[in-house]
Amino acid sequence: MMRWLRDLWRGGKAVVEPARARDARRLAQLHAASFRHGWGESEFEQMVIERNTLIQRLRIGRKLAGFAVSRFGADEAEILSIAIDASYRGRGLSRDLLLTHLGHLAGRGVRSIFLEVEENNAPARRLYEGTGFAVVGRRERYYRQPDGEQLNALLMRRDLF
Ligand SMILES: CC(C)(COP(=O)(O)OP(=O)(O)OC[C@H]1O[C@@H](n2cnc3c(N)ncnc32)[C@H](O)[C@@H]1OP(=O)(O)O)[C@@H](O)C(=O)NCCC(=O)NCCS
């Protein structure tokens, strides 16, 4: 698709850039809207300054529409969280965000990346499978729902080189 047409469909030009401490409130809001156990503003403030954490925001115009955060050490990293504002989902934005994020991890010397995903989270699984991650393990009844239901986690891995 032509770039200008894609940008129009997405609601503006999407830019992936480092998150700042002043984004913490919006990041916490986005996280709480996307996950059952939301991270607080102070946790995001902390992650922005940690040297072993990479946190990037996805901005569309003036709107912070998503983020990706991972922690790295030696040549390995773990994707801790990725989310797109519900009103911007289904437009391929998470793919661009994740691929850019992986590129920055590669630039820091990371070679292997791990993550956990809930087995029934179809959009997330499609995202990870489509960006080169493969299932390397399964944790039975890993996530507990508020109603007591227990869901399985898949452990995924991608090698960058
Ligand atoms: C997972 C998430 C980041 C995907 O963001 P997104 O920008 O909507 O995703 P994309 O538009 O890039 O689509 C990613 C893939 O999922 C597919 N997809 C999107 N919505 C889907 C749905 N409801 N069911 C099945 N597949 C779906 C897309 O077709 C695409 O696959 P393709 O590239 O093979 O066509 C987003 O749904 C989200 O923020 N979810 C809540 C937080 C979360 O679960 N994060 C992951 C934790 S491990």
- Query: Looking at this structure, is Ala124 out of contact with any Asp or Glu (no Cβ under 9 Å at 6 or more places or on another chain) and either of a type in the set (A, V, I, L, M, F, W, C) or farther than 22 Å from Arg6 by Cβ (or both)?
  - Reply: no
- Note on the structure: Per the filter on the range 61-92, residues assigned to a strand (DSSP E or B), more than 12 Å from the ligand (Cβ to nearest atom) and either over 20 Å from Glu118 (Cβ atoms) or of a type in the set (A, V, I, L, M, F, W, C) (or both) are Lys63, Leu64, Phe72, Gly73, Glu76, Ala77
- For the range 91-135, name all the residues that are of a type in the set (Asp, Glu) and over 12 Å from the mean Cα position of the chain (by Cα). Glu118, Glu119, Glu129
- Message: Residues that are at pLDDT below 95 and closer than 19 Å to Thr131 by Cα: does the range 4-14 have at least one?
- Response: yes
- Query: Quick one: which of Leu93, Leu80 is aliphatic (A, V, I, L, M), out of contact with any helix residue (DSSP H, G or I) (no Cβ under 8 Å at 6 or more places or on another chain) and at pLDDT 95 or above?
  - Reply: Leu80
- Task: Give the residues of the range 93-129 that are assigned to a helix (DSSP H, G or I), near the ligand (Cβ under 10 Å from one of its atoms), surrounded by 16 or more Cβ atoms within 10 Å (Cβ to Cβ) and without any contact (Cβ under 8 Å) to a residue 60 or more places away in the chain, sorted by residue number.
- Result: Ser94, Leu98, Ala124, Arg125, Leu127, Tyr128
- Message: Please count how many residues of the range 133-150 are within 12 Å of the ligand (Cβ to nearest atom) and at pLDDT 90 or above.
- Response: 1
- Note on the structure: How many residues of the range 62-77 are over 14 Å from Phe35 (Cβ atoms) and buried (at least 16 other Cβ atoms within 10 Å of the Cβ)? The answer is 5
- Of the residues in the range 31-60, those that are surrounded by 13 or more Cβ atoms within 10 Å (Cβ to Cβ), of a type outside the set (Gly, Ala, Ser) and not in a strand (DSSP E or B) come to His31, Trp39, Glu41, Glu43, Phe44, Glu45, Gln46, Met47, Val48
- Message: For the range 23-30, check the following and say yes or no: at least one residue is more than 16 Å from Arg59 (Cβ to Cβ), surrounded by 15 or more Cβ atoms within 10 Å (Cβ to Cβ), at pLDDT 95 or above and not basic (Lys, Arg).
- Response: yes
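The values are calculated or read from the model by the stated rules, or taken from the named source; none is laboratory data. Please read all numbers here as calculations on a predicted model, not as lab measurements. Using ideal geometry, Cβ is built from the backbone for each residue, glycine included, and neighbour counts are taken over all protein chains shown.
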